[in-house]
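J.: One structure, as structure tokens, below. Some questions next.
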């Protein structure tokens, strides 16, 4: 079972995504701010994938993404941006910083599943989803 972190300041959205992830047989954890997610990573916790919102108070999702990609130990951690931000410049920036996929809110189960599989495919060398030993 894959461990997926949701990093989003919208608690209603977090719970909706959690329900979808349960249908996709994923274990979830969530953070309503990017700082606690970064602290959890620094403390040794690691998910199989992060769903990351862009617009959050204090530390943006783009800032967290940049932090992840600059560290060797998280460089290959799959990250799917999940945002209501539709501007091409923002999408381009997220992808340039190393996002593996970008999906718009509100998201459907099919879009979420497709984006997560796309992120997995970009990181074939990372143990993920079905590759985990039981």
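J.: Please find the FRET efficiency linking residue 96 to residue 18, where r is the Cβ-Cβ separation and R0 is fixed at 30 Å, and quote it to the nearest 0.05.
T.: 0.55
J.: Still on this structure, please answer the following. Scattering from the C-alpha atoms of the range 2-131 alone, worked out with Debye: what is log10 I(q)/I(0) at q = 0.13, 0.22 1/Å?
T.: -0.45, -1.53
J.: In deg cm²/dmol and to the nearest 500, what is the mean residue ellipticity at 222 nm of the chain if only DSSP H runs of at least 4 residues count, each as -39500 (n - 2.57), divided by the residue total?
T.: Value at 222 nm, helices only: -12500 deg cm²/dmol.
J.: Sticking with this structure for a sec: So, in Å, what gap is there between the alpha-carbon centers of the range 10-89 and the range 103-123?
T.: Computed from Cα coordinates, the inter-centre distance equals 13 Å.
Where a number appears in this text, it was derived from the coordinates with a stated rule and is not lab data. These numbers were taken from a predicted model, which means no experiment stands behind them. When we count neighbours, we look across all protein chains shown, and the Cβ atoms used for this are built from the backbone with ideal geometry, even at glycine.
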